[in-house]
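Computed from the coordinates by the stated procedures, all read-outs in this text should not be read as laboratory data. None of the values given here were measured: they were computed from a predicted structure. Positions of Cβ are backbone-derived with ideal geometry, glycine not excepted, and every protein chain shown enters the neighbour counts.
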Amino acid sequence: MPEITFVQALRDALYEEMRGDDKIFIMGEDVGLGEGAFGVTRGLMREFGSERVKDAPISEAAIVGAGVGAAMTGTRPVVEIMFGDFLSVAFDEVYNKAAKWRYGHGGQFRIPMVIRSAFGHRAGNSMEHSQCPEAVFMHSPGIKIVAPSTPYDAKGLLKSAIRDDNPVLFFEHKQLYRIKGEVPEEEYTLPIGVADVKRKGTDVTIVAWSLMVHKALEAADVLAGEGINAEVVDLRTIAPLDKEAVLNSVASTHRLVIVEEPNKTGGVGGEIAAIVAEEGFELLDAPIMRVASLDVPIPYSRVLEEYVLPSVERIIDAVKTICTY
Amino acid sequence: MLDPEFRLRLYRDMVRMRLLDEKVVELKLAGKITGGVHSAIGEEATFIGACAALRKDDYMLPTHRGLGHVMAKGIPMTKIMADCYGKVTGTNKGKGGIIRICDRELGVLGISGTLGGVFVIATGAGLSIKLLGEDKVCLAFFGDGTSNRGTFHESLNMCALWKLPVVLVCNNNEYGMYTHVSRAVATGDISRRPYAYGIPSQTVDGNDVEAVYLAVSEAVQHARSGEGPYFVEAKTYRWRGHHEGDPGVYRTREEIDQWMEKCPIRRMKERLMNDGILNQENDEEIWNSARKEVEGAVEFAEMSEFPSIDTVYEDLWAE
């Protein structure tokens with residue numbers, strides 16, 4: 001199987017889907033002539049023209065909101081919000097318009113749109129260019145949230161997101177764009193809402209998504225050398241959450257560590273912990289641990305940034321703590 | 001001069017709208033309707049005149065104020081009333097109630113509960129129309145207060161930049177909830193704002209249904225011919241409070257009385273009578289038939305079922 005980068009996998013998904021359906025269009029800041037701040041849309045304007053790959057003004061609320069309006073009137077927009085942090089400027093349009101329009105209007109409208117956004121920390125990007133806001137939007141019923149960790153997952157899930165008749169918030173981690181992975185040449189899609197076990201194990205379950213899957217896998221390698229066999233469950237989708245996959249894994253390992261990049265309070269990890277406490281209390285042999293950023297805005301200085309973010313070492317510590325409980 | 005039958009239709013629709021709004025206020029005060037009621041009594045000419053300029057397949061985004069726009073676009077009064085009651089026979093089956101009366105087939109796209117959502121949705125509808133090569137337009141209603149939202153400016157810029165077929169109709173009824181437009185809008189006439197984006201614009205007497213119709217028709221023609229967006233500000237006045245229950249401490253009785261003298265329905269009635277199109281007899285017939293229609297709608301809503309609790313998750317996701 002050929003190896004391609006994460007960014008190429010995303011680009012291939014956009015190419016393939018746009019070739020197959022002329023109702024799909026892309027809109028966002030610098031996605032056309034500028035080829036995207038992270039290069040995801042490179043070449044697309046040349047291929048599909050400026051009506052289908054639209055450079056938008058700096059107007060996040062209108063980019064997402066117009067996406068919703070377009071989606072309910074017969075087209076299939078894929079809008080790009082350059083940084084996940086900027087979704088705060090379009091909060092109403094994601095949280096209320098995209099997620100709730102269909103339900104509130106008695107199911108009369110479909111909102112087949114994708115909101116792509118680069119999220120996560122990258123050295124020195126600091127507090128308004130580093131955040132992972134998935135937990136905020138998970139709180140709004142009606143929108144799907146996807147955050148893949150590999151090129152293979154990224155391509156298959158983006159294709160599914162574009163074909164989905166519901167709004168999908170699709171998070172791409174800045175530090176993953178350049179990683180490589182095997183992606184088949186033949187057409188495939190992956191189901192939204194299904195987690196994937198990235199490493200089999202018996203002693204402890206580590207749940208993670210996006211970049212943190214790679215940190216969890218690094219930690220699992222180190223732990224294996226010390227006789228602890230960790231299972232790594234990649235959620236891939238935050239909403240709808242594949243709670244069966246989490247509970248099934250915990251049923252065999254009896255221990256759970258959740259690793260998430262944003263700060264701990266009010267996060268997705270708390271939700272997963274609550275689900276396992278409510279529905280899998282008997283499965284547990286030890287308390288659930290969360291490894292997350294500290295509850296501060298992401299600071300700029302390298303020293304502070306490293307200290308705030310979850311590290312492989314903290315994951316290892318958490319696993320060891322509950323394995324010796 | 002407009003066709004006499006058409007002028008009568010404008011008048012009849014204003015009467016229907018008035019009686020429907022009055023009934024809904026009455027039902028709200030009687031505790032039959034749970035949601036907030038924002039009546040448009042006194043503002044009929046704006047909504048009826050503007051909707052009359054649209055084709056059946058054009059898109060329209062209503063405001064929370066009144067029920068005349070959704071009625072004028074073709075949604076039957078029975079369904080409108082069922083939505084007010086939260087019954088399953090309404091357009092949104094009890095999910096969105098009085099605020100979210102909509103109809104995909106009639107192009108009534110629904111309402112944003114956060115004011116200003118209308119602009120971005122209309123921009124998107126304009127994008128679809130253009131991309132699909134259709135000759136529809138999208139008409140967005142909004143109030144004077146809503147023109148202060150950032151989404152107004154983002155959307156007007158986009159609509160102008162991309163020449164989208166969007167018609168913006170500002171129902172300037174002088175109040176954004178409790179605040180007078182002079183205390184909220186820096187530019188005086190709201191129709192001055194679109195000039196900043198190169199969007200043609202005019203202010204009309206919002207209590208003159210024919211003037212509104214003609215201005216919006218010009219706007220629709222402009223948008224439909226590919227010339228881009230067009231803006232109409234219709235100046236009218238809100239007779240009742242922002243909502244039923246508004247204590248109204250911010251304005252005087254005299255101010256309201258002065259505007260009630262300018263009633264758009266009475267004005268059209270006098271005009272039609274002077275022109276020999278309306279007489280006492282057919283006027284009574286118009287009012288009586290509208291009353292019957294409203295009573296029939298109430299009966300329909302009363303007889304309809306509430307949604308089953310089994311439907312609570314229905315329509316959260318599209319299959």
Determine the calculated [θ] at 222 nm for chain A from helices alone, applying -39500 (n - 2.57) to every DSSP H run no shorter than 4 residues and normalising by the residue count; nearest 500 deg cm²/dmol. -10500 deg cm²/dmol
So what's the back-of-envelope 222 nm ellipticity for chain B, counting only DSSP H runs of four-plus at -39500 (n - 2.57) apiece and dividing by all residues, rounded to 500? -13500 deg cm²/dmol
Sticking with the crude label model, points 7 Å out along Cα→Cβ, report the distance from residue B:192 to residue B:22 in nm, one decimal please. 3.8 nm
In whole angstrom, note down how far apart the Cα centers of the range B:68-84 and the range B:1-39 are. 10 Å
Order of A:82, B:60, B:77 - criterion: other Cβ atoms within 10 Å of each residue's Cβ, fewest first: A:82, B:77, B:60
For a footprinting-style exposure proxy, rank A:295, A:55 by other Cβ within 10 Å, fewest first. A:295, A:55
Calculated FRET efficiency for the pair residue B:312/residue A:296, C-beta based, R₀ 41 Å, to 0.05: 0.55
Using a Gaussian network model on chain A with a 10 Å cutoff between Cα atoms, which of A:100, A:23, A:215 fluctuates the most? A:23
Loop-resident chymotrypsin sites (Phe, Trp or Tyr not before Pro) in the range A:274-313 with no more than 15 other Cβ atoms inside 10 Å, DSSP not H/G/I/E/B, are A:300
Among the listed pairs A:97/B:56; A:54/B:73; B:136/B:269; B:28/B:56, which have their C-alpha atoms separated by more than 29 angstrom in this model? A:54/B:73; B:136/B:269; B:28/B:56
Exposure proxy ranking, count of Cβ atoms within 10 Å, fewest first, for B:162, B:287: B:287, B:162
At 7 Å along the Cα-to-beta-carbon direction for both residue A:325 and residue A:279, put a label point, then send me their distance in nm to one decimal. 1.9 nm
Here the longest stretch of chain A that holds no GluC sites (Glu not before Pro) in a DSSP loop having at most 11 other beta carbon atoms within 10 Å is A:1-184
Just in the range B:276-308: which GluC sites (Glu not before Pro) are loop by DSSP and have at most 12 other Cβ atoms within 10 Å? B:305
Which is farthest toward the positive dipole end of the range A:3-182 among A:127, A:44, A:157, measuring Cα position about the Cα centre, with Cβ charges +1 (Lys, Arg) and -1 (Asp, Glu)? A:157
Tell me the relative contact order for the range A:3-182 as a rounded percent, counting alpha carbon contacts under 8 Å between residues six or more apart. 27 percent
FRET efficiency (residue A:51, residue B:218; Cβ distance; R0 25 Å; to 0.05) is 0.40
Measure off 7 Å from each Cα along the Cα-to-Cβ vector at residue A:187 and residue A:264, then give the distance between these two points in nanometres to one decimal. 4.8 nm
Give me the Å³ per residue figure for the convex hull around the C-alpha atoms of the protein assembly as shown. 165 Å³
Using alpha carbon centroids, what distance separates the range B:143-182 and the range A:264-310, in Å? 43 Å
Anything over 31 Å Cα to Cα? Flag those among A:23/A:200; A:144/B:87; A:159/B:87, in the order listed. A:23/A:200; A:159/B:87
Partner chain Cβ atoms within 10 Å, averaged over the residues of B:92-102 - can you pull that number for me? 4
